[in-house]
Structures are given as C-alpha cells and as structure tokens.
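Novice: Just dropping this structure here.
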Amino acid sequence: MVETRNRGDREKTTTADPLKSMDLQRIQDEMDLTKLNYDTLARNERSTKERVESMSMKVDSVEKNIEAIGVETTARFKALERRMTVITDLLTRFEESAVFPQRHGKEIASASETQIPQVPITISEPELPPTQIGYRGIHGTLANSDKMLRKIEIPVFSGPLPFDWISRVERFFRFGNYNEDEKLHLVSLSLEGPALQWFNGEIICDPFVNWEQFTQRLLDRFGGPIDNNPAARLFCLKQEGEVEDYVNEFEALRNQVTGIDEKNLIKVFFNGLKSKMKEVIRMKEPVSLTDHKLAVLKMQSTTFC
C-alpha cells in the first residue's frame with residue numbers, strides 16, 4: 001500500500017512539472033512583453049519631451065519675433081508722428097502767411113523750356129548774423145525791417161525738366177533757410193502726377209536720407225536720356241540766333257550744373273559763339289566769364305555784328 005502511494009505521488013509530480021514549466025514560460029513572456037511596452041513608452045516619452053521642447057523653442061522664437069516687430073512698429077509710428085508734426089507746423093506757417101499774388105512778367109529758364117507751375121507761398125526772410133554777407137547783414141533801413149516778408153513761389157514738379165525744377169526749389173530752400181528734414185517734408189507738398197506717385201513708392205520701400213540723395217534718385221528716375229542732361233547740353237551749346245538768346249540759355253544751363261570752374265566755363269562759352277563774336281572776344285580780351293558775356297552783349301547791335 002505504501003508502494004502504491006509513492007507511485008501515485010511520483011505520477012502527480014511528473015504531471016505537475018510540465019504545467020509548472022508552462023506557467024513559468026507564460027510569466028516570462030508576459031514580463032518580456034511588459035518590458036517591451038515599457039521601453040516603447042519610454043521612447044515615446046522622450047520623443048514627446050523633445051517635441052515639447054522644440055515647440056517651446058519655436059514659441060519663444062515667435063514671441064521674440066513678435067516683440068521685435070512690435071518695437072519696430074512703435075519706432076516707425078513715432079517717426080511718422082514726428083514727420084506729421086513737422087508737416088503740420090510747416091502747413092501752419094504757410095497758412096498764416098500764404099498769399100496769392102498776381103504774377104507780372106516771367107522768368108526765363110531756357111530758350112527751349114516751358115514754364116513750370118508754381119505754388120504761391122510767402123516765407124520770412126532768413127535771419128543772418130550781422131557779420132555774414134546777406135540781407136540781414138546790411139546795417140540800415142533794410143536791416144531794421146524784421147517783419148518784412150519776401151514772396152517766393154515753390155515750384156511744382158510732375159516729371160518734366162527735373163534739373164530746372166531742382167534749381168528753382170533749391171532757391172526757395174535757400175531763402176527759407178530750411179534744414180534737411182524740412183526740405184524732404186516740403187518737397188512732398190510740391191509734387192504731383194507721376195513724380196508724386198514715384199515719391200510715395202520710394203518713401204515706403206527706401207526712405208530718403210537727405211536732400212542730396214533725393215535729388216540724385218529723382219534725376220535717375222526722371223532725368224531721361226543723356227542728351228537732356230544740362231551738363232551735356234551746356235557743352236554742346238551753340239549760338240544759332242541772337243547773342244542775347246545764347247547768353248540766356250548758357251546762364252540757364254550753367255545754373256543747373258555744378259563742379260565746373262570758371263576757366264572751363266569761359267572755354268565752353270567761347271566755343272559756342274559764332275565766329276564774329278569770337279573775334280570780339282579776341283579784340284576785347286576779357287578776363288572773367290562776366291566780362292566775356294558783357295563784351296558780346298554790348299556788340300550785338302553794332303554794325304560789326
């Protein structure tokens with residue numbers, strides 16, 4: 001009986017061993033699967049963390065860009081406010097002293113040029129120190145007329161004859177004693193048509209720094225062919241009719257050209273004269289450019305010519 005019981009126990013043990021082995025294998029598989037899931041979750045967590053950090057960096061970058069745009073926009077608005085203040089002050093000055101006089105006579109810019117429209121504006125004579133040569137430097141009756149106004153007209157520019165317009169508007173600026181900023185503000189009020197459209201586009205894309213840059217870019221845009229350049233026309237100028245017409249056109253072109261000394265201007269003036277007038281110059285032997293012009297003007301009505 002004892003032997004039978006032992007044999008039964010051995011049979012139970014033999015049957016239980018495969019079951020226990022199967023349970024251990026299943027547990028091991030579940031542990032492996034759990035570890036795999038844990039590793040996957042860990043990788044996903046790292047990836048999510050990296051994405052969050054990347055998004056955080058992008059958000060910081062966007063915030064910085066927005067802040068920079070805000071600073072730049074504020075600066076532009078402040079600059080625009082300053083410009084509007086200057087323009088308002090200038091308009092106030094013009095409104096207080098504006099007159100609309102009836103013009104008499106005409107100004108000759110060139111024998112072949114048309115008259116440029118004008119905007120009537122009255123400005124005060126600039127204040128000059130007593131030691132400086134000028135209207136305010138003269139002691140006497142004129143020096144005491146501090147409230148005297150000089151009527152000057154600012155020319156309007158729409159595109160044609162840019163050199164002549166620059167010469168005229170610079171004369172206006174000299175009398176008004178305007179600084180660089182005021183020149184750029186004022187010039188926007190004296191433009192119309194294509195010139196005004198060009199100006200509005202330029203100040204949006206690339207604002208002008210000073211008056212010199214403005215005039216250079218304006219000439220690049222509206223100067224036209226090289227034949228229209230006053231310097232080229234001055235050097236090619238020839239007397240075809242009366243000497244007075246020649247002198248008038250020479251002076252008009254000369255006023256639009258800078259950087260030529262008097263010696264070379266005399267040569268240009270002489271070379272453009274007719275042969276008879278050149279003989280007058282040789283006989284009179286004038287020294288200065290003014291003397292050359294006076295010599296031929298005095299001889300224009302004589303029988304010699």
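Novice: Kindly provide the set of residues from region 250-272 that are touching a Pro at 6+ places or on another chain (Cβ under 9 Å) and either under 13 Å from residue 239 (Cα atoms) or modelled with pLDDT of 90 or more (or both), ordered by number.
Specialist: Within region 250-272, 266 is the sole residue that qualifies.
Novice: Can you tell me how many residues within region 194-213 are loosely packed, with under 14 Cβ neighbours inside 10 Å, acidic (Asp, Glu) and farther than 22 Å from residue 252 by Cα?
Specialist: 1
Novice: Also, quick follow-up: Cβ-Cβ distance below 6 Å, separation of 6 or more or different chains: which pairs start in region 197-215 with a residue that is over 16 Å from residue 83 (Cβ atoms) and end on one that is assigned to a helix (DSSP H, G or I)?
Specialist: Filtered contacts from region 197-215: 198/221; 215/166.
Novice: Could you check, for region 273-280, whether at least one of its residues is within 30 Å of residue 168 (Cα to Cα), modelled with pLDDT of 85 or more, buried (at least 16 other Cβ atoms within 10 Å of the Cβ) and within 38 Å of the chain's Cα centre (by Cα)?
Specialist: Checked against the condition, which is being within 30 Å of residue 168 (Cα to Cα), modelled with pLDDT of 85 or more, buried (at least 16 other Cβ atoms within 10 Å of the Cβ) and within 38 Å of the chain's Cα centre (by Cα), region 273-280 yields no hits at all.
Novice: Quick check on region 238-259. Is at least one of its residues over 30 Å from residue 197 (Cβ atoms), in a helix (DSSP H, G or I) and touching a Cys at 6+ places or on another chain (Cβ under 8 Å)?
Specialist: The answer is yes; a qualifying residue exists.
Conditions (1) in a loop (DSSP other than H, G, I, E, B); (2) within 27 Å of residue 165 (Cβ to Cβ); (3) modelled with pLDDT of 80 or more, marked per residue:
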| residue | (1), (2), (3) |
| --- | --- |
| 55 | no, no, yes |
| 66 | no, no, yes |
| 69 | no, no, yes |
| 88 | no, yes, no |
| 96 | no, yes, no |
| 101 | yes, yes, no |
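Novice: If you don't mind, there's one more thing I want to ask. For residue 214, all conditions in the list (1) assigned to a loop (DSSP other than H, G, I, E, B); (2) under 17 Å from residue 155 (Cβ atoms) hold save one; what is the number of the exception?
Specialist: (1)
Novice: Go through region 171-199 and give me each residue that's charged (D, E, K, R) and more than 17 Å from residue 90 (Cα to Cα).
Specialist: 171, 192 - these are the residues of region 171-199 that are charged (D, E, K, R) and more than 17 Å from residue 90 (Cα to Cα).
Novice: List pairs: first in region 233-255 and farther than 17 Å from residue 277 by Cα, second of a type in the set (Phe, Trp, Tyr) and in a helix (DSSP H, G or I), Cβ under 9 Å, 6+ apart or cross-chain?
Specialist: 234/250; 253/163; 254/269
Novice: Of 161, 191, 234, which residue is more than 30 Å from residue 267 (Cβ to Cβ) and buried (at least 17 other Cβ atoms within 10 Å of the Cβ)?
Specialist: One residue alone meets the criteria, 191.
The values are calculated or read from the model by the stated rules, or taken from the named source; none is laboratory data. Since we're looking at a predicted model, the values are computed, not measured. Because the Cβ atoms are built from the backbone with ideal geometry, glycine has one as well, and the counts that use them run over all protein chains shown.
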